Amino acid sequence: MIHPIVRRELISLLRGWRAAAIQVGTAVVFALLVLTQWPTGAVVDLSGVQAERVFRLFGYGLLTTLLLLVPAVPATSIVREKKQGTLTLLLNSPLTGWGIYLGKLVAVLGFVMLPLLMSLPAAAACYAMGGLAPQDVLKLYAVLVLATVQCAAIGLAVSSCANSTDAALRLAYGGVLLVAVLFLGPYQLVQGKPWPLVVESTIWLRGLSPIPAVGELLRQGDVGGMGLSAVAGNVFRYFIMGGALTGLLAIWTARRLKQTMLDQPRPQGIMTEDRSPSQRSARRLFFLIDPQRRSRAIGRFTNPVLVKEFRSRRFGRSYWMVRLIAGCAIASMLLSYAATIGSEDWGVETMGAILVVLQVALIVVITPSLAAGMISAEHESGGWTLLRMTPLSAGQIVSGKLFSVMWTLFLVLLATLPGYALMIFIMPKLMQQVIYVLICLTLSCVFSLVASAMVSSFFRRTAPATIAAYTLLAVIYGGTLLVWFGRDAPFGHETVERVLTVNSLAAAMHAIRVQGFETYELIPANWWFTGGAVLACLAVLAWRVWRLSRPE
C-alpha cells in the first residue's frame, strides 16, 4: 500500500508544469553540454582529457542545480499545511511523527530526484567519450544523492519551525548556503597554520559541505586550497558528517511532529526589573532602540507606503535593523582581522576575494526575501485592493516599496565596509581596485532588488515569487560561473568573457585581480550591462504595476 502522504503530495507535485519543466530543462541543458564536445570527424581523444573536462563541468553543474532546486519544495511542505489548517488534522491522524516525516521526505525526494534521473543520459555520454571509470560516475551520483537528502532534511527542519512560506524559504536557502559554502571559510583562514587541532577541526567542519567531495571526485584537487597542503578523504568525511547532520535533523524534525506541536503556550513574560543583572544588561544591548516606543506621525512630504513597509516588516523596524547592521559590521571586522593575519601567506587580494564572495552571497540571500513579496504579498493578503483604493499613484507605491528595501540593503552594505578600509590601510595601492569592487557590489544590490521586485509583479503568491527570484539570481551569479569552470575546454576565452559580463561577482573578482579572472576584461562592460538590466527591469515593473492598478 502506498503511503497516503506520499501519494497525495507526490501526485500533486508531479501534476504541475514545474515537474515537466525540470525534466525537459535538465535533459536539454546537460545533453547540449555533452554535444558541444562530442567527437566529430571520426577523431577521438584517447587521453580522456576532453571527457574529464566535460565530466567536471557536468558534475559542478548538476550539484549547482540540486542546491538551487531542492530546498524550495521541502521548505514549504510543513508550513503550508500549517497555514492551510490541515496540519492539525495530520497530527491527530493515526500516523506517527516518523510516519509523517518519512512520507513527506519520500514525496519530496520523488520530486527533487528528477534532475538526477534526467541527467543520466548525459552522464552515460560522458562515460562513452572515454577516460572515465564506472566507479567515477557511481561515486559522483552517490555524493549527489546524499546532498539531495541533506538539503531536503534542512528544508523540512526549517519548515517545521517557520510560520510563513517566505520565512521558510529564506531560512532554507540560508541554511543550505551556510552548510555548502560558509562552512568552507574556517579552513580557508587556518590552513597552513601551526595549530593541528584547530586545522583538523575545520577540515571535519568542511566535511558537511558536498563541494570538496565533488571536487575530489572530479579530480580538481583540494577545493579551496591555497597550495599549502592537499587534504584527501573529502568523500569519506562528507558521508560521515553529511550523513550525521541529515540523521540529526531527521530525528529532531520527526520528534517535533506530534499532537502538542501546535499547542505551545505563550510565555507569561517577566518584568525587566525582576530579571538578573546580566539579563538586564543583555536586554539593554539588544534593545538599544525601544520596540514599544510610540512612532511619530507620518510627515506631510513622506511617502506613506515607505513608512508602512518599515513598520510592517521585521527588518524594517529600527531595533532589528540595528541588530542586522551590528552583525554585518562584526563579521566584516572579523574578516578584516583574518585578512591581516592571512596577508603574509596568501596576500590581501585573496582575502578581499573572500570578502566579495561573502558579500554577494549575503545580497543574494537577503534581497529576494525582502523584495520578492513586494507585490505578490499584497495580492496574497488582499492589501493590493486597499492600495488601489487610496489616492496614491502607481509610482508612489512602487517607489515607496523599492526605497524601503534599498535602505536596508544600503545599510547592510555600509556595515561591511570596515574590511575594505583595513585592506586599504594595509596596502594603499589597492584604493582603485576597492573602489571598482564597491561599484560592482552597489550595482549588484540595485539589480538584485529591481529584478526581485519585477519577478514579484508576475505572481500572486509569495512562495513561488521568492523561489523564482532566488532562481534568477542564482543563475546569474552562480550559473555563469559554471562557464568559467569550463574555460579553455569546452568554452573558449571569448565565450567565457561574454558570459561573465552579466555577473557582477565576476567583475568584482576581476577588479581585485583574483587568479583566474584577471585575464577577462569585464569592466566597464559589466557596469553598462547591469545598468541597462536595471533600467529594463524598472520598465517592466512600472508596466506591470500600471496594469495591476487599472480598474478590473
- Query: From the residues Asn503, Leu411, Tyr436, which one has its Cα farthest along the dipole of the range 390-547 in the positive direction, the dipole being from +1 and -1 charges on Cβ of Lys/Arg and Asp/Glu about the Cα centre?
  - Reply: Leu411
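Going highest first, how would you order 367-376, 474-483, 532-541 by mean Cβ packing within 10 Å?
367-376, 474-483, 532-541
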- Query: Looking at the square roots a ≥ b ≥ c of the eigenvalues of the Cα gyration tensor of the range 133-188, which shape do they give, rounded for a/c under 1.5, prolate if a/b is larger than b/c, or oblate?
  - Reply: oblate
- Query: Tell me, how many Å apart are the Cα centres for the range 433-485 and for the range 494-519?
  - Reply: 17
- Query: For the pair Arg461 and Thr390, what calculated FRET efficiency results from E = 1/(1 + (r/R0)^6), where r is the Cβ-Cβ distance and R0 = 25 Å, to the nearest 0.05?
  - Reply: 0.60
- Which of His493, His510 has the fewest Cβ neighbours within 10 Å, and the rest in rising order: His493, His510
- Item | Global geometry of the range 65-151, whether rounded, prolate or oblate, following the gyration tensor of its Cα atoms and the 1.5 cut on a/c | prolate
- Between Ala124 and Arg550, what is the label-to-label distance in nm when each label sits 7 Å out along the Cα-to-Cβ direction? 5.1
- Message: Can you give me the distance in nm between label points at Leu245 and Leu414, each placed 7 Å from the Cα along the Cα-to-Cβ direction?
- Response: 3.4
- Query: Relative to the present Cα-Cα distance, how much length would full extension add between Thr88 and Val475 at 0.36 nm per residue of separation?
  - Reply: 135.6 nm
- Least to most buried among Leu548, Leu120, by other C-beta atoms within 10 Å and fewest first, runs Leu120, Leu548
- Message: Could you sort the peptides 96-103, 21-28, 397-404 by per-residue average Cβ neighbour count (10 Å cutoff), highest mean leading?
- Response: 397-404, 96-103, 21-28
- Note on the structure: Projected onto their principal axes, the Cα atoms of the range 439-516 stretch, largest extent first, over whole-Å spans of 44, 28, 15
- Task: Along Cα→Cβ, 7 Å out, is where each label goes; now give me the distance between the ones at Thr96 and Ser164 in nm to one decimal.
- Result: 3.6
- The residues Lys139, Lys429, Lys258, sorted from fewest to most surrounding Cβ atoms within 10 Å, come out as Lys429, Lys258, Lys139
- Using a Förster distance of 25 angstrom, determine the FRET efficiency expected from the C-beta separation of Arg498 and Ala31, and round it to 0.05. 0.65
- Contour minus Cα-Cα distance for Ala21 and Arg219 (0.36 nm per residue): 68.1 nm
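No value in this document is a laboratory result; all are computed from the given coordinates. These numbers were taken from a predicted model, which means no experiment stands behind them. All Cβ positions, even for glycine, are placed from backbone atoms using ideal geometry, and neighbour counts span all protein chains on display.
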